[in-house]
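Here is the structure we will look at, set down as structure tokens.
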Amino acid sequence: MEGNVNQELSNIFVIFGGTGDLTKRKLIPAIFSLMYEEKLPENFIIVAIGRRVKTNEEYRKEMYEYVEKFSRFPINDELWILFSKRIFYKNFDFTSDNHGYKKLDSFLETMEMKYSTMGNRLYYLAVAPEFFEGIIRNLKNNSMVCKDIGWQRIMIEKPFGSSLETARILNRNISKLIPEEDIFRIDHYLGKEMIQNILAIRFGNSLFEPQWNANYIDNIQITSNELLGVESRGGYYENTGILKDMLQNHILQMLTLIAMEPPLDLEPESIRDEKVKVLRSLRVFTAESFREDVVMGQYGTGTYNDVEMIGYREEDSVSKVSNTDTFIALKTYIDNFRWGGVPIYIRAGKRMNNKSTVIVIQFKKLRGINYYKEFKHIPNNLLVLKIQPEEGFFFQINAKKPGSEFKMEKVQLDYCQSCKYFNDSPEAYEKLILEALRNNSSLFTRWDELEHSWEFIESIEKQFKDNIPNYPNYSAGTQGPEAAIDLIKKDGRQWWNATPN
């Protein structure tokens, strides 16, 4: 940490849920990486809150193991001493102990004097959603937010509510306690480098933006496949499924960046204004369109690389007759002037045959191209944005194959960001924490974005309740239900992967 970093970033970073996996695997390693790169000010400390009894030294020793394992950078003794002496642990029941908040506030005020953090506090709620409102209410009742000195902001993990109604209630209650501009709702996908690169690729290249519309684009595909099942998250997944775990937040956020109009400027509110317009234009599902254009799935037993894998219903904390979705494929439309008639294909699933998150823009073939017999079977141009595990993108074009005959072949102009900047690309949580400190809300979800995304999700949920498939309907380690392939095949198209054939 160095003193010449903007002192407005000086603050106390307070983590509720200080003993949870998110804190150990993501937050503390992310903060360590920020310190390693000298992006944090001298006046910065971490106060972790948990219900387990631990001393500062016990907690620091525990965090050392996770930083060593999950940080992008190596630990050396000098660096760890500098970092660890700024980590403090306090235990109390933050769900019900009001006296604990008073003691915490007293401690924070003492630390503010000692480390000159100027009253700035960033509260991170790394806890289950049912605790959000109670924690914020206790912070408000004990004058720990909306103070006259410095700034106080709150970072909230997903999911924000479990339905449109519960999300509205939660937002209404929280908004009475703290202003919207001080609430940072996290979707960690927005912290990924290639997600942010979407704007650079679109608006920084004259090749793409003039053709970014229904006149030139045939379809848009977003795929988010995972090799893993639900593992230890069975209890959580039973209440969310793929709809709320992936579609309602990560995937719809990617879609808004791909489809939004050019914002007035690149300031946070201008970007979020345009994202909301996309969500408002997203076509919701009726009973008829659900039957035609949505495929839901749940994985059963299967094999991958000769390894036997159990089905979803055999996972820990999962009902033996569960109808929770672990896969979805759908076709929808954005009903506005730019995208009218362009199908949007989305698929996401657990226990698939690969791990890949990609966005594919498939361009239309030139009109009149079939006049040349040599061009009759050439493939479409594709722009493929690779989000994970490899970061980068490629543009697939067509060229003549070397030889005496005029034969065409596809050529991929490839940029591997993760290859070029090996280990130098910040983790999503590093970027999100830093931008919250900087008060840059463009990487966070505004309430009206959430509201419209919930409306879209509930149009699917409503129809799903009346059309539950016979689960399980795909084997673990495969590409999902056969019906998902038919969904796009009947339109004369195919699903593209990170490396199209």
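Rg and Dmax over the alpha-carbon atoms of segment 7-157 stand at 14.7, 42 Å. For Phe92, the shell of other residues with beta-carbons less than 13 Å away shows a net charge of +3, using +1 for Lys and Arg and -1 for Asp and Glu.
Pairs from the table (Lys26/Lys192; Lys26/Lys275; Lys192/Lys275; Lys69/Lys420; Lys102/Lys140) lying more than 20 angstrom apart at Cα are Lys26/Lys275; Lys69/Lys420. Normalised by residue count, the chain yields a Cα convex hull volume of 176 Å³ per residue.
Shape of segment 392-501 from the C-alpha gyration tensor: oblate (a/c of 1.5 or more and a/b not above b/c, with a ≥ b ≥ c the square roots of its eigenvalues). Rounded to the nearest whole Hz, the Karplus-based 3J(HN,Hα) values (6.51 cos²θ - 1.76 cosθ + 1.60, θ = phi - 60°) of segment 139-154 follow the sequence 4, 5, 5, 9, 6, 9, 10, 6, 7, 6, 10, x, 10, 9, 10, 10, with x at glycine and proline. Neighbours of Tyr333, meaning other residues whose beta-carbon lies under 12 angstrom from its beta-carbon, give a summed charge of +1 when Lys and Arg score +1 and Asp and Glu score -1. In loop segments of segment 410-501 as defined by DSSP, the trypsin sites (Lys or Arg not before Pro) with at most 13 further C-beta atoms inside 10 Å of their C-beta are Arg438, Lys465, Lys490. Please go through the residue pairs Lys39/Lys61; Lys24/Lys431; Lys158/Lys462; Lys410/Lys490 and name each one whose alpha carbons sit more than 19 Å apart in this structure. Result: Lys39/Lys61; Lys158/Lys462; Lys410/Lys490 exceed 19 Å. Annotation: cysteines of the chain without a disulfide-compatible partner (Cβ-Cβ under 4.7 angstrom) are Cys146. Close amide H pairs (under 5 Å, H built 1.01 Å from N) link Val47 with Phe13, Val14, Ile15, Phe88, residues at least 5 positions away or on another chain.
Within the shell of other residues whose beta carbon sits under 15 angstrom from the beta carbon of Tyr471, the net charge comes to 0, with Lys and Arg scored +1 and Asp and Glu -1. Mind checking the angle between helix 98-115 and the chain's longest principal axis? C-alpha axes, 0 to 90 degrees, to the nearest 10. Long axis of 98-115 versus the principal axis of the chain: about 90 degrees. Checking every one of the trypsin sites (Lys or Arg not before Pro) in segment 208-283 against DSSP loop status and a limit of 16 other Cβ atoms within 10 Å picks out Arg283. Over the chain, dividing the summed -39,500 (n - 2.57) contributions of all DSSP H runs of at least 4 residues by the number of residues returns a 222 nm mean residue ellipticity of -9500 deg cm²/dmol. Here the Karplus curve 6.51 cos²θ - 1.76 cosθ + 1.60, taken at θ = phi - 60°, turns the phi angles of segment 23-28 into couplings of 5, 6, 8, 10, 5, 5 Hz, with x standing for Gly and Pro. Applying 0.36 nm per residue to the separation of Asp491 and Glu455 and subtracting their alpha-carbon distance, the gain on full extension is 10.3 nm. The mean sequence separation of alpha-carbon pairs under 8 Å and at least six residues apart, normalised by the residue count of the chain, gives a relative contact order of 17 percent. The relative contact order of segment 7-157, computed from alpha carbon pairs under 8 Å that lie at least 6 residues apart in sequence, is 31 percent.
The numbers here are math on the coordinates, done by the rules we state, and not lab data. Quick caveat: nothing in here was measured; it's all calculated off a predicted structure. Because the Cβ atoms are built from the backbone with ideal geometry, glycine has one as well, and the counts that use them run over all protein chains shown.
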